Structure formats: C-alpha cells, structure tokens
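See below for the structure under consideration.
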Amino acid sequence: FSPDYNQLSQTKIKRNKITKIPFSIQQPPIEIETEFFSNNDWQEENGNACLPSEKTSKKTNQKQKKKLVPYGCTDLRITCFP
C-alpha cells in the first residue's frame with residue numbers, strides 16, 4: 001500500500017490513555033488512520049512481502065482506509081530476513 005499524499009490533511013490521529021499494558025492491541029497509545037492506494041507491484045510470497053519490482057510502482061485508483069498502531073501493539077512481531 002502507498003499513502004495518498006493528497007489526503008494527509010484528512011489523517012486522523014488518536015491518542016489514548018496509557019494503560020498498565022502500554023502496548024495493548026485493545027488500547028494502543030496512539031492510532032493513525034489514513035487512506036492508502038493498493039499497489040499492484042508489491043506482491044506477497046509465502047506470507048511475506050517480496051521486494052518491490054525494479055520498475056516504477058503502479059498504484060491503483062482503489063483506496064482503502066488503514067489504521068496504523070505501534071509495532072509493539074501487534075499480536076505477531078516477526079521480521080523476516082532474506
């Protein structure tokens with residue numbers, strides 16, 4: 001996904017109260033919601049993101065709202081190295 005840079009002014013930032021578990025997925029300390037374009041060049045292989053192609057990324061006109069939370073709030077925290 002690629003951010004819609006023309007809509008950044010519409011980005012919603014929500015700051016939550018920090019609880020006993022500061023990186024809880026139920027109440028992360030911060031949430032950012034904005035629109036992203038789907039990117040057809042960035043593919044998935046075996047559940048992992050592949051490297052983007054060398055050619056210019058092709059964004060579609062299809063947008064999706066996505067909510068971003070701190071990495072520590074995710075249920076699965078694995079980074080794959082090639």
(message) Net charge within 14 Å of Asn16 by Cβ-Cβ distance, Lys/Arg positive one each and Asp/Glu negative one each, not counting Asn16 itself?
(response) +4
(request) Starting from the Cα-Cα distance between Lys20 and Ser2, subtract it from 0.36 nm times their residue separation and give me the gain in nm to one decimal. (result) 3.1 nm
(message) Could you check the spin-label model distance between Ser9 and Thr74? Points 7 Å from the Cα along Cα→Cβ, value in nm.
(response) 3.2 nm
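Values quoted throughout were computed directly from the atomic coordinates according to the rules given, and no laboratory measurement underlies them. The model shown is predicted, which means the values in this text are computed figures rather than measured ones. Ideal geometry is used to build each Cβ from the backbone, glycine not excepted, and the neighbour counts take in all protein chains shown.
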